[in-house]
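Novice: Below is a structure I'd like to ask you about.
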Amino acid sequence: MAGSSLLAAPSRFLIVTLGGRYLAFDAESIAGVCTLEEAGCRDDPTMLGLVYRTVKLADRLRISNDQDAANTRIVLLAEQGVRGSIRVTAVQGMLDLHPSQVLPLPPHFRGPERRWYQGMILFKNSIVLALNTMWVLDEQESSAEGSRGQDTISRLVATPKISVNDRRVC
């Protein structure tokens, strides 16, 4: 059994920045990445005849995001028959990781944030929050959260107090 963890398939993530924060999406949920011009600058981009409803992730996470910067990309997500699109500041690239490299949230996170994130990834001396795609795409969740969830989200994402150096995570 000890060798079975070595045979685990790597996980692949698309790393993006949104308002200066690193976020990750499971690559299996990525339907595409396009520029504003390719998407036609419409609210709900249509690619290959499929409509990808715009998800205002920056608003949900209370992150300031320049929606029309030169490097802005639209990430098309699809999971379990639900489609959505998110404008991100920039795409950093794909990252292949062994499952053990996706760190769980610390145990003191016991509330709804457990549904928002798959875990954390160390990347470029920083922390990337791997988002749960179904939470991102869940329209009812975003409207039901209203103001009660936003303060918690902003504390978790908008002002992270985690630093990384060459030897340890603080």
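The values are calculated or read from the model by the stated rules, or taken from the named source; none is laboratory data. Only a predicted model underlies this, so the values are computations on that prediction, with no experimental measurement involved. All Cβ positions, even for glycine, are placed from backbone atoms using ideal geometry, and neighbour counts span all protein chains on display.
Novice: Is it fair to say Ile74 is in contact (Cβ under 8 Å) with a residue 40 or more places away in the chain, touching a Pro at 6+ places or on another chain (Cβ under 7 Å) and among the hydrophobic types (A, V, I, L, M, F, W, C)?
Specialist: yes
Novice: Let me spell it out: the conditions are (1) in a strand (DSSP E or B); (2) more than 18 Å from the chain's Cα centre (by Cα), and Glu37 meets all of them except one. Which number is the exception?
Specialist: (1)
Yes/no matrix, rows are residues, columns are (1) surrounded by 13 or more Cβ atoms within 10 Å (Cβ to Cβ); (2) among the acidic types (Asp, Glu); (3) in a strand (DSSP E or B):
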residue: Leu23; (1), (2), (3): yes, no, yes
residue: Glu28; (1), (2), (3): no, yes, no
residue: Ile63; (1), (2), (3): yes, no, no
residue: Ser85; (1), (2), (3): yes, no, yes
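Novice: Then there's this: Quick check on Asp44: is it of a type in the set (Asp, Glu), modelled with pLDDT under 85 and assigned to a loop (DSSP other than H, G, I, E, B)?
Specialist: Answer is no for this residue.
Novice: Among (1) part of a loop (DSSP other than H, G, I, E, B); (2) modelled with pLDDT of 95 or more, which single condition is Ala69 missing?
Specialist: (2)
Novice: Any residue that is crowded, with 17+ Cβ neighbours inside 10 Å and basic (Lys, Arg) - is there at least one of those in segment 98-111?
Specialist: no
Novice: Of the residues Ala58, Ala8, only one is under 24 Å from Gly119 (Cβ atoms) and surrounded by fewer than 19 Cβ atoms within 10 Å (Cβ to Cβ); which?
Specialist: Checking each option against the conditions leaves just Ala8.
Novice: Next question, about the same structure. Counting only residues that are among the hydroxyl-bearing types (Ser, Thr, Tyr) and within 18 Å of Asp138 (Cβ to Cβ), which one in segment 49-105 is nearest to the chain's Cα centre (by Cα)?
Specialist: This residue is Ser85.
Novice: While we're here: Every residue in segment 72-83 that is over 16 Å from Leu14 (Cα atoms) and either touching a His at 6+ places or on another chain (Cβ under 6 Å) or not in a strand (DSSP E or B) (or both), please.
Specialist: Gln80, Gly81
Novice: Can you list residue pairs whose Cβ atoms sit under 9 Å apart, with the first residue in segment 38-50 being aliphatic (A, V, I, L, M) and the second being assigned to a loop (DSSP other than H, G, I, E, B)? Count only pairs 6 or more apart in sequence or on different chains.
Specialist: Ala39/Pro45; Ala39/Tyr52
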